[in-house]
1. Going by the alpha-carbon gyration tensor, a ≥ b ≥ c the square roots of its eigenvalues, is the stretch B:356-398 rounded (a/c under 1.5) or, if a/c is not under 1.5, prolate (a/b greater than b/c) versus oblate?
2. How much length is gained on full extension from B:ARG166 to B:ARG288, taking 0.36 nm per residue of separation minus their Cα-Cα distance?
3. Restricting everything to alpha-carbon atoms, can you work out Rg to Rh for the stretch B:263-356 with a Kirkwood hydrodynamic radius?
4. Assign one of three labels to the stretch A:270-423, namely rounded, prolate or oblate, based on the Cα gyration tensor with a ≥ b ≥ c the square roots of its eigenvalues; rounded applies when a/c is under 1.5, prolate when it is not and a/b is larger than b/c, and oblate otherwise.
5. The stretch B:178-234: D in µm²/s via Stokes-Einstein (Kirkwood Rh, Cα pairs, 10 °C, 1.306 mPa s)?
6. What is the spin-label model distance, in nm, from B:THR241 to B:ALA408 if the labels are put 7 Å beyond Cα along the C-beta direction?
7. Tell me the Rg and the Dmax, in Å, that the Cα atoms of the stretch A:177-243 produce.
8. Taking just the alpha-carbon atoms of the protein assembly as shown, what radius of gyration and Dmax come out, in angstrom?
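A short reminder: the numbers here are calculations on the coordinates, not readings from a lab. Keep in mind the model is a prediction, meaning the values are calculated, not measured. No Cβ is skipped: glycine too gets one built from the backbone with ideal geometry, and neighbour counts run over all protein chains shown.
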Amino acid sequence: MGSRWTVARVLALAPDAGSAKAARALANPRTWSDLGSTSTLVWGKCQGSARSPYQVTVDLTEPSFRCTCPSRKVPCKHGLALLLMWAAGDGSVTAGAGPAEWATPAATRKEPARPDPEAQARRLAERESLMSAGLDDFELWLHDLVRQGLATARKQPAGFWDTAAARLVDAQLPGLADRVRAVAADLHARADWAPHLLGELGRWYLAIRAWRRRAELDEAASGDLRAVLGWPRRRDEIGDRVADRWWVVGLSQEEDDRLLSQRTWLHGEHTGETVVLLDFAAAGQALKVAHVLGSVVDGEVARYPGAGPRRALLTGDEHKVVAGSGLPHATGVPDALAQAARWLAGNPWLRRIPLALAGMTVVPGEPPLLVDPGGAALTLAPGTDVWQLLALSGGHPVPVFGEWIDERLHPLSVQAGDRLVAL
Amino acid sequence: MTAWDDLLGTALVGTGRRPFTLAGSGIAGAGRVTADSPEAAVLAAAALAAGYRRAGWTPPAWRGTLREPAEPDERPECTPVAAQILELLLGRGIRLEAGTDLLTTDWLTAARACGRRPPYRLLPELLRFGTTATGARRLVRQVIGPRGAWLAGHHPAWSWAATVPRGEVAGRFATGTRAERLALLTDLRETEPDRARELVEDTWPAEPAATRAAFLDVLRTGLSDADEPLLERALDDRAGTVRAAAAALLDHLPGSARAHRMAGRARRLHTAAGTFELPGEPDEAARRDGIGDHREPGRGRAASRLIQILAATPLSTWDIGEIGRADSDVVLGWTKAAVRQGDQEWLAALVRHQPTPDLIAALTPGTATDLLSGARKLDARFGALLAAAPGPWPAGFSTEIVGRLRDAKAQAVLRVAARALAEHLHPAALAAVEDWLLALGTGSAPEARTLRGIAHALTIRATILQEFR
């Protein structure tokens, strides 16, 4: 159980809908104290209506819940809320050296919790066999789909895709589940749904085959595979560190009914590397304060294993932040797409590709376009506020930073004068 | 057919109907992959080919002609605080019972006076604002500057704000849709009223009646005696709507021949005793001038005709001193005439005789507040007058009225005039409003809520004025 759970997995433990709702409302670090976790235990104190705070402990191995509140529901809302905060992975529940006396389960109270390599290996093997079974099941589903044809698949009701996604979640493959849901939404929204779906099927199948040969993969490929399957790394598994002057070039946020996620794109001035920071919060909760778009953070990041552009975390406390002066690494469309091709060659599952484009002119229309001086035209994603982009550019060629997703550009920032403005 | 198209064809109908093998797929690298069923072969081929397709994607070439970029805007950008306030106002991020439109207008007025521009990113929101708040369009056009006018040229709904090059006006007027032609005329009327009228005259006989009537309505902007010949001609129009529109505009021109004819009719009804006789059935000439069967509420047919005649007669025909002796029909006719002719002297005299919201609303803010500050009773009637008074109110009056409402415990007036107070009070009255709130304590009385809303609006207005000082 080393990895963090997804929010969906936590909520699946709720005894009823009311508990789930109450837990979401409680999942706010401000009402909690003494929060901490190890690989098997999560604990914290929650100030409720009683005079002294409730003491809440969750043993992740069973999982089993302990709480000093009078509720007879198991688990109670406090236990669920604690797990929600821990699952959000936003740093409010820190990985501690060891639990406090009150949080230690009775069985292990006499012996301080010590990592048990045997138990850890057993849990890892359990998770891997669960994932393997889920992927076998998913492969059969893909075979059925291809046998009957994509034209038939498109006529399936939404439940067809939801069921497949739910089974992937049960098998601890939430990353694949997200992609199945995304494709289901695209089927009726895209004119090119058929080649788009076929490409996705190929990438999912590639993940299944890669999983079976995971022992042969290098660290980067293994990291990318874990990311596409949705098996996140713990903080203590994060790899190498790089110091640089990191320019904050793009911010994007996304919210579904469970989770608020935020991506911060950084560009390293000396290394020329692009990395992305990910932050999550349960829906309705506040995210950590975002880095200011257009600023420069002088400091060190720790990168997750994977091919570029890599996910990273800002490390250390001593970060110097100064104002930047726009988009330092903008290139023409051909160079940006060549970089995208190099990234795709390293990671075939890469979905959001950062593009820093120079000299783009906005052409409003159906669909609206960004055109470079050579006439290369990139289609702007539906939902883009093209009028704001046009107002900011005034019809002049401007540098634009965005995420390139399935041949559509989602612009995140535009350079106006020597400032970056968020879109 | 490419290898990909072949693969896609198979995938669409399904391997149940069409066979597929990796060896025969023609996809690069297929020889190094194994698949033990047609389904696995399709999936493996998709995995291979999709990788190449995505990495090798090339953008289509665009062959259109780019529009000229916007002209530079030399004005400095407003302060970040001012920009933030505008953003909140436009995005309804500030909640006011009376709505945020008037504060937005205040912002625009202050920016115009100060010669500063809004940040470019807010231009689309400003254009959306002007599209719905038609009364503020002129102000919006002046504030958005060349960049905003350029932007408006890209969106049909914003054409009212777009600059049309001088040379293209006639051509666009000839070929545009009705809405575009009206927008073009309104635009031109502000800067070159005569040229706009000439455009109307050029095509006048060929236009449908509804368009002729709509064109006349546009002439209200920048109306002058130079428009009279066209209006006089329109009195003979075959469409009733056009005749009515022409008569309504001529009511605003006391120097016109029609006003002179009305004066003749009115004088014939004026007796030596200073009273008026009721007119009989209108003759053909009177009907041509717009005297019709319209009935004023609660008045007879003949009295309604008298009111119509007086409302269209120049006030210079009469002695202002007669107001005190005139009966109610005559006062109503003069009231309408004073409002239409915008005669401040008559408006003020009529208010002193018998104030109505219509009269107050037609006065300048200074005169209106002068007349209201002398009122004795702070009753509901006064509340209606206060609500009609145009703004902005001077600092002295603003502070005085808040103090008087508080002393008189005039909750009814506060309720009726809450919106006017929020919109027109000078920021100098903020302290008086806050004192009143403080005296009310923590209660949630309705008046406390109203006062908090007023204080909120005044605070924002004060900030706007400060940021554009």
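1. In terms of gyration-tensor shape, oblate.
2. Details: separation 122, 0.36 × 122 = 43.92 nm, distance 3.77 nm.
Gain on extension, B:ARG166 to B:ARG288, equals 40.1 nm.
3. Rounded to two decimals, Rg over Rh is 0.94.
4. Prolate shape, in that a/c is at least 1.5 and a/b is the bigger ratio.
5. Once the numbers are plugged in, D ends up at 142 µm²/s.
6. Here the modelled spin labels are 4.5 nm apart.
7. Answer for the stretch A:177-243, Rg first and Dmax second: 15.2, 45 Å.
8. Calculated on Cα positions, Rg and Dmax stand at 37.0, 120 Å.
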